[in-house]
1. Report every pair of residues separated by at least 6 positions or lying on different chains whose Cβ atoms are under 7 Å apart, first residue within the range 95-109 and within 18 Å of residue 126 (Cα to Cα) and part of a helix (DSSP H, G or I), second of a type in the set (Val, Ile, Thr) and open to solvent by 100 Å² or more (accessible area, probe 1.4 Å).
2. Any residue in the range 88-98 that is more than 30 Å from residue 130 (Cβ to Cβ) and not aliphatic (A, V, I, L, M)?
3. Hey, any hits in the range 76-97 for a residue that's surrounded by 10 or more Cβ atoms within 10 Å (Cβ to Cβ) and touching an Asp or Glu at 6+ places or on another chain (Cβ under 8 Å)?
4. Does the range 51-72 contain at least one residue that is part of a helix (DSSP H, G or I), touching a residue at least 24 places away in the same chain (Cβ under 8 Å), surrounded by 10 or more Cβ atoms within 10 Å (Cβ to Cβ) and within 34 Å of the chain's Cα centre (by Cα)?
Amino acid sequence: MDSASGNSSGSIKLQNSGSEEDLQVLMDQRKRKRMQSNRESARRSRMRKQQHLDELMVQVTQLRKDNAQILSNINITSQLYMNIEADNSVLRAQMAELTQRLQSLEEIANCINSGGSNGGFGETEEEVFQIQTNVAADSFMNSMNFLYFNQPIMAAADIFHY
């Protein structure tokens, strides 16, 4: 019986070692399968990351283009503003000169029309009132112009479509 039991325990060892080998093979297959799955997952992750990076680069390019367009619009608008400001300065100077000329001409006309009475500068009360009214109106208009002398010109942004 001993020999029979020895034989039977020896065959169990063979079966156990066969099962262990099968189990090891199965574990190795699972490990390789898991490694392959991990590689594929990492590859997909890298692809998603690269795609996201590409999209961000496209967005950066578009934003830079938009920024350049906005800066160009600002430069054009600033130049137009400076040109208009220069034109306004010229017009203000011309208006002041013409106002002075008109005032001088009115004084000369008053002297001529007075006929030389009172030393050539004799004005009637009505003429004096008229001169004072003109001087007051000119003074008022000039003070009104100075209120707007350094005021910026506001324009709607939608008028600059390119």
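1. Once the first residue is within 18 Å of residue 126 (Cα to Cα) and part of a helix (DSSP H, G or I) and sits in the range 95-109, no partner that is of a type in the set (Val, Ile, Thr) and open to solvent by 100 Å² or more (accessible area, probe 1.4 Å) comes close enough.
2. Among the residues of the range 88-98, at least one is more than 30 Å from residue 130 (Cβ to Cβ) and not aliphatic (A, V, I, L, M), which makes the answer yes.
3. Within the range 76-97, not a single residue is surrounded by 10 or more Cβ atoms within 10 Å (Cβ to Cβ) and touching an Asp or Glu at 6+ places or on another chain (Cβ under 8 Å).
4. Let us first name the residues in the range 51-72 that are part of a helix (DSSP H, G or I), namely 51-72.
Among the residues that remain, those that are also touching a residue at least 24 places away in the same chain (Cβ under 8 Å) are: 69.
From what is left, the residues that are surrounded by 10 or more Cβ atoms within 10 Å (Cβ to Cβ) are 69.
Next cut, within 34 Å of the chain's Cα centre (by Cα) only: 69.
Within the range 51-72, one or more residues are part of a helix (DSSP H, G or I), touching a residue at least 24 places away in the same chain (Cβ under 8 Å), surrounded by 10 or more Cβ atoms within 10 Å (Cβ to Cβ) and within 34 Å of the chain's Cα centre (by Cα).
The values are calculated or read from the model by the stated rules, or taken from the named source; none is laboratory data. Worth saying up front: this structure is predicted, and the values here are computed from it rather than measured. Glycine gets a Cβ as well: all are built from the backbone with ideal geometry, and neighbour counts include every protein chain shown. These accessible areas exclude ligands, DNA and RNA; they are computed on the full protein's heavy atoms, side chains included. Shrake-Rupley method; radii C 1.70, N 1.55, O 1.52, S 1.80 Å.
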